[in-house]
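Report on one structure; see the data block that follows.
The values are calculated or read from the model by the stated rules, or taken from the named source; none is laboratory data. Being a predicted model, the structure only gives us computed values, none of them experimental. For neighbour counting, all protein chains shown are included, and Cβ atoms are generated from backbone atoms with ideal geometry for every residue, glycine included.
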Amino acid sequence: MKMMPKPVKYLRIAGIISLALFFSCQAGYAAFSLSVTPYEGGFDIRFGKIDVSLGRINKEFTVTLNSDIGTQYRLSQNFLDPPSTIEGVDLPQKALVVYAVRGSNKYGTLNVEQDTPILSGKQLLYTSNQAGDSDSFTLVYSLIPSPDIASGFYRGRIAFTLEPVNGAQDPVNVIMDISVDFSSVSSVEIKTETGSRSILLKPGREDSSSAGVIFDIKGGFGKQFRILQVIEEQPVSSDGMLLDWGAVSFVGQSAQKGTVPVQPQPLSARQDAVYTSSLQGAADSFVLEYALGDLSQQKAGRFRTKIKYVLEGVGFSKTQLLETLNFEVENPQVFDLVVAPESQKGAIEFRNLRPTDTEAKRNEIVIEVNSNTGKRYQVTQNVYSDLVNKAGEPIRAKAFTLRTESMDTLGSLRFPNAENVQKGYTVLFVSDKKGSSDKFKVIYELAPSRDLKSGDYSTRITYSLSEL
């Protein structure tokens with residue numbers, strides 16, 4: 001009886017043939033692959049939880065490029081999703097840089113051997129040699145913390161693309177997540193230029209008629225905000241006198257990221273915005289300068305109040321009192337009498353008089369009072385003698401008269417009509433009830449007379465200012 005061959009042997013032979021054909025087919029495929037491996041392990045670019053105090057953070061990767069396509073290739077990177085928070089705040093571009101370690105490759109050219117900011121769009125990292133040999137190198141991603149970075153968890157995606165320079169080979173893509181958990185202590189420091197907690201203004205000297213307040217905004221707030229100036233009450237003296245709002249102005253200077261008022265503005269009872277940040281609420285600094293205006297119409301005294309600086313969110317809901325500073329204006333007492341022309345301050349003279357003169361002789365002076373005491377006052381003249389010539393001979397009293405004339409005068413003129421000049425003390429003017437600064441004219445006239453002896457005539461007159 002004829003025996004049948006065992007089928008198992010045929011199966012083994014068929015298996016060996018199939019396996020040989022499989023490896024033969026595999027050998028026909030070209031090698032073209034990319035791997036990006038974190039030095040610390042894992043599968044993404046993870047910076048973890050950091051803050052400004054930690055300084056620059058580096059994350060190192062080994063890039064491996066396998067190729068036997070026999071042609072030049074290149075590696076590039078591109079942000080699919082730039083790192084941002086869930087609220088939509090982007091990580092500043094300058095905060096994240098990349099560089100390849102020089103000499104870590106063998107054949108090709110490293111295109112980022114120095115710190116290179118990671119921008120939107122494709123960025124070339126590496127170009128192979130002409131033969132397209134396999135290669136590897138070290139790639140470093142660095143996060144540079146700064147106060148411009150707002151607190152938050154930033155997440156994004158970056159794509160690495162390996163592709164031939166010229167060829168039909170399909171590109172190879174590797175996508176990695178990138179994450180940063182950044183903690184920034186956002187704050188606003190406010191201090192006067194002198195370091196005190198008071199803004200002091202006093203007229204008369206350049207170094208005291210203005211004062212600066214320095215604002216140092218540290219850390220990014222991530223959203224736009226404003227700093228408001230709130231005056232607690234209108235500046236008031238111990239006796240209840242108010243300083244006009246327009247007596248002091250303020251202006252902003254030196255802001256780099258945000259905006260400040262660039263034209264002087266008077267103090268007011270409003271909540272005035274003295275600073276508006278950038279849309280991202282970036283770190284910044286600026287100076288708020290306070291300056292005195294014209295105090296001639298202000299009462300004397302020390303006027304005090306407090307100024308509050310309040311942070312108000314524009315892109316977020318937040319209101320915070322930042323600082324409260326004392327504010328004080330010292331307006332020294334002014335009580336002065338000015339007589340013009342100066343030559344008339346002590347004497348009234350009429351020169352070259354003749355009995356044949358037909359017109360009256362006239363002598364005018366202007367009296368001005370500067371006062372901020374808030375009290376009523378009067379101006380008095382003291383005539384020491386009759387109007388006499390060098391021989392001491394007087395002119396008849398009725399020929400010598402005076403009258404006072406308004407120069408937008410606020411107070412009361414005592415001689416609106418001509419009256420004889422009397423020896424001794426005579427009140428010429430009384431101020432208004434507020435004791436306002438004022439100005440008026442005194443006109444002295446000498447009527448012509450045929451019995452007048454020719455010559456020069458004069459008398460001594462002094463003027464005094466006194467409170468009532």
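In the set (1) of a type in the set (G, A, S); (2) closer than 30 Å to L200 by Cβ; (3) surrounded by fewer than 18 Cβ atoms within 10 Å (Cβ to Cβ), G301 fails one condition alone, (3). For region 382-411, a residue qualifies if it is more than 27 Å from K453 (Cα to Cα), surrounded by 17 or more Cβ atoms within 10 Å (Cβ to Cβ) and in contact with a Ser or Thr (Cβ under 9 Å, 6 or more places away or on another chain), and exactly one does: G411.
Of V230, V287, V274, all but one fail to be assigned to a strand (DSSP E or B), surrounded by fewer than 19 Cβ atoms within 10 Å (Cβ to Cβ) and within 16 Å of the chain's Cα centre (by Cα); the exception is V287.
Conditions (1) in contact (Cβ under 8 Å) with a residue 60 or more places away in the chain; (2) touching a strand residue (DSSP E or B) at 6+ places or on another chain (Cβ under 7 Å); (3) among the hydroxyl-bearing types (S, T, Y), marked per residue:
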position: S285; (1), (2), (3): yes, yes, yes
position: Y290; (1), (2), (3): yes, yes, yes
position: E323; (1), (2), (3): yes, yes, no
position: V329; (1), (2), (3): yes, yes, no
position: L337; (1), (2), (3): yes, yes, no
position: I348; (1), (2), (3): yes, yes, no
position: V369; (1), (2), (3): yes, yes, no
position: N382; (1), (2), (3): yes, yes, no
position: F400; (1), (2), (3): no, yes, no
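Against the list (1) in contact (Cβ under 8 Å) with a residue 60 or more places away in the chain; (2) of a type in the set (F, W, Y); (3) more than 29 Å from Q320 (Cα to Cα), the condition F153 fails is (3).
Annotation note: of G246, G212, the sole residue that is in contact with a strand residue (DSSP E or B) (Cβ under 6 Å, 6 or more places away or on another chain) and assigned to a strand (DSSP E or B) is G212. All of S196, S254, S249, S210 fail the test of being out of contact with any Phe, Trp or Tyr (no Cβ under 8 Å at 6 or more places or on another chain) and either surrounded by 15 or more Cβ atoms within 10 Å (Cβ to Cβ) or outside the structural domain of I57 (by TED's automatic domain parsing) (or both), apart from S196. For the condition within 22 Å of E189 (Cα to Cα), modelled with pLDDT under 95 and of a type in the set (K, R), K257 qualifies.
T426 passes every criterion in (1) within 18 Å of A347 (Cβ to Cβ); (2) modelled with pLDDT of 90 or more; (3) in contact with a Phe, Trp or Tyr (Cβ under 7 Å, 6 or more places away or on another chain); (4) surrounded by 14 or more Cβ atoms within 10 Å (Cβ to Cβ) apart from (3). Considering each residue of region 150-168 in turn, at least one proves to be part of a loop (DSSP other than H, G, I, E, B), within 38 Å of the chain's Cα centre (by Cα) and at pLDDT below 95. In region 329-344, of all residues being of a type in the set (D, E, K, R) and surrounded by fewer than 15 Cβ atoms within 10 Å (Cβ to Cβ), the one that is farthest from the chain's Cα centre (by Cα) corresponds to E342. Taking the criterion of being hydroxyl-bearing (S, T, Y), buried (at least 16 other Cβ atoms within 10 Å of the Cβ) and closer than 17 Å to D90 by Cβ, the residues of region 147-182 that qualify are S151, Y154. If you check S249, S208 for being without any contact (Cβ under 8 Å) to a residue 12 or more places away in the chain and not acidic (D, E), only one passes: S208. Comparison of R157, R205 shows that the only residue that is in the same structural domain as G41 (by TED's automatic domain parsing) and among the basic types (K, R) is R157. Starting from residues that are without any contact (Cβ under 8 Å) to a residue 40 or more places away in the chain and among the β-branched types (V, I, T), keep the ones in region 402-433 and report whichever is nearest to F335 (Cα to Cα). Checking each candidate, the answer is T409. Among the residues of region 361-374, the ones that are surrounded by 15 or more Cβ atoms within 10 Å (Cβ to Cβ) and among the basic types (K, R) come to 1 in all.
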